[in-house]
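Novice: Would you mind keeping the following structure in view while I ask a few things?
The values are calculated or read from the model by the stated rules, or taken from the named source; none is laboratory data. Bear in mind the structure is a predicted one, so any value in this text is a computation, not a measurement. Every residue, glycine as well, gets a Cβ built from its backbone with ideal geometry; the counts of neighbours run over all protein chains shown. What goes into the accessible areas is simple: the full protein's heavy atoms, side chains included, and nothing from ligands, DNA or RNA. Shrake-Rupley method; radii C 1.70, N 1.55, O 1.52, S 1.80 Å.
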Amino acid sequence: MKKSAFILLSLLLLILSACGKNDQNASDKNTGREKKLEKVTLMLDWYPNAVHSFLYAAQEKGYFKEQGLDVKIEMPADTNDPLKLVAANQIDMALSYQPQVLVARGEDIPVQSFGAIVRHPLNQLMVPADSSIKSPKDLAGKTIGYPSIPLDEAIVQSMVKSDGGDASKIKMVDVGWDLIPAMATKKTNALIGGYINHEKLLLDKEGHPMRTLNPADYGVPDYYELVLVGSEKELKAKPEVFKKFMTAIGKGQKYVQDHPEAGLSVLLKHEDKSSPLEKDIETKSLQLLLPLMDAKDKSFGYQDPQTWNQVADWLKENKVIKSSVKAKDAFINF
């Protein structure tokens, strides 16, 4: 009898102990985890489009939360805002461009890239499909529309010189951001500043088929088009936050690679009303982008030091930046 009572008492204590642990675990899940989510603000380079699919996938699939992050994705009022706001510590992270990061550091603006997103140039020279311009040297005596950005001028100059042409005989025409109308109405013979995953696709769709010449084939370094940027101060102070962010977006990119249609559907739910998306254009854009975002045997976002050195040297040689910039200080890998 005593033995039976002892066994029953032991079983009761085990049950109560298990219930206590379960209650504690439930309490941790309901309160602790949510409270520990760290708020992070990310600013896009432009309005949401196919290239941002990995971010919205990471958000919707819960990959940010898995890493203890609560990520708010914002759109810039101006394309120049993201770098400025990161440098001023008004936002935590931003999408920007590799050359712009180096230009900023040349002006003593303490920003660093912590991930390469699009690993090759999207900004390519465009000419009508039936144009007599077959290579950059054929631009002599021609007009090239561009949005008055010094980098674009340097790209064209390099391309023409590398191809054995006379760069002094080309005419750069500032068309602002009216790149598509300038080409569609044949106000210019060529275009620089437009992207192969956007302007080219739209021009093709509107009945103005284009050919593209890749700057990387004509003397311009094969630079990273899109990179993730943070302030040097925050990257040093909170490296674990940026590491967790990279882990989450790596999973987001893998999801989009494995399920491109589903990934695009997630993106389309987040389109900006002032800049509605065309599904067929974004579908083609994503198909074009995925191979250009692939780091092969490296982790998503990995940055090659040699690429940074080459781009820094090229910018200095072409007077886009006036002072020497230490390429190794412009980026960090996690």
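Novice: Does K72 fit the bill of being without any contact (Cβ under 8 Å) to a residue 40 or more places away in the chain and part of a helix (DSSP H, G or I)?
Specialist: No: the conditions fail for K72.
Novice: Also, quick follow-up: Taking region 286-304 only, how many residues are farther than 13 Å from H120 by Cβ and open to solvent by less than 60 Å² (accessible area, probe 1.4 Å)?
Specialist: Matching residues across region 286-304 total 4.
Novice: Another question, then. What are the pairs, 6+ residues apart or on separate chains, where a residue within region 258-276 that is closer than 9 Å to S53 by Cβ has its Cβ under 9 Å from a residue that is part of a helix (DSSP H, G or I) and open to solvent by 60 Å² or more (accessible area, probe 1.4 Å)?
Specialist: P260/Q287; G263/Q257; L264/K279; V266/Q59; V266/E60
Novice: For region 212-254, give me each residue that is open to solvent by 60 Å² or more (accessible area, probe 1.4 Å) and not in a helix (DSSP H, G or I).
Specialist: Within region 212-254, D222, K238 meet the criteria.
Novice: Go through V71, V51, V101 for me and flag whichever is under 30 Å from Q287 (Cβ atoms) and in contact with a Phe, Trp or Tyr (Cβ under 7 Å, 6 or more places away or on another chain).
Specialist: That would be V71, the only listed residue that is under 30 Å from Q287 (Cβ atoms) and in contact with a Phe, Trp or Tyr (Cβ under 7 Å, 6 or more places away or on another chain).
Novice: Then there's this: Counting only residues that are in a loop (DSSP other than H, G, I, E, B) and aliphatic (A, V, I, L, M), which one in region 109-129 is least open to solvent (accessible area, probe 1.4 Å)?
Specialist: Per the stated criteria, the residue is L122.
Novice: Oh, and also: Cβ-Cβ below 7 Å, separation at least six or inter-chain, first residue in region 49-64 and over 13 Å from P260 (Cα atoms), second basic (K, R): which pairs?
Specialist: Final answer for the pair search is A58/K251; Y63/K251.
Novice: I've got another one for you. In region 41-77, which residues are open to solvent by less than 10 Å² (accessible area, probe 1.4 Å) and among the polar types (S, T, N, Q)?
Specialist: Passing the criteria: only S53.
Novice: Quick check: is even one residue across region 130-141 crowded, with 20+ Cβ neighbours inside 10 Å, assigned to a loop (DSSP other than H, G, I, E, B) and hydroxyl-bearing (S, T, Y)?
Specialist: No: region 130-141 contains no residue that is crowded, with 20+ Cβ neighbours inside 10 Å, assigned to a loop (DSSP other than H, G, I, E, B) and hydroxyl-bearing (S, T, Y).
Novice: Of everything in region 142-176, what is open to solvent by 30 Å² or more (accessible area, probe 1.4 Å), without any contact (Cβ under 8 Å) to a residue 60 or more places away in the chain and part of a helix (DSSP H, G or I)? Give them in sequence order.
Specialist: E153, K161, S162, S168, K169
Novice: Can you tell me which residues in region 177-193 are outside any strand (DSSP E or B), more than 21 Å from T79 (Cα to Cα), open to solvent by less than 30 Å² (accessible area, probe 1.4 Å) and at pLDDT 95 or above?
Specialist: Correct list: T188 only.
Novice: Where the second residue is open to solvent by less than 20 Å² (accessible area, probe 1.4 Å) and the first is of a type in the set (S, T, N, Q) and lies in region 192-205, which pairs have Cβ atoms under 8 Å and are six or more apart or on separate chains?
Specialist: N197/A50; N197/V51; N197/L122; N197/S285; N197/L289
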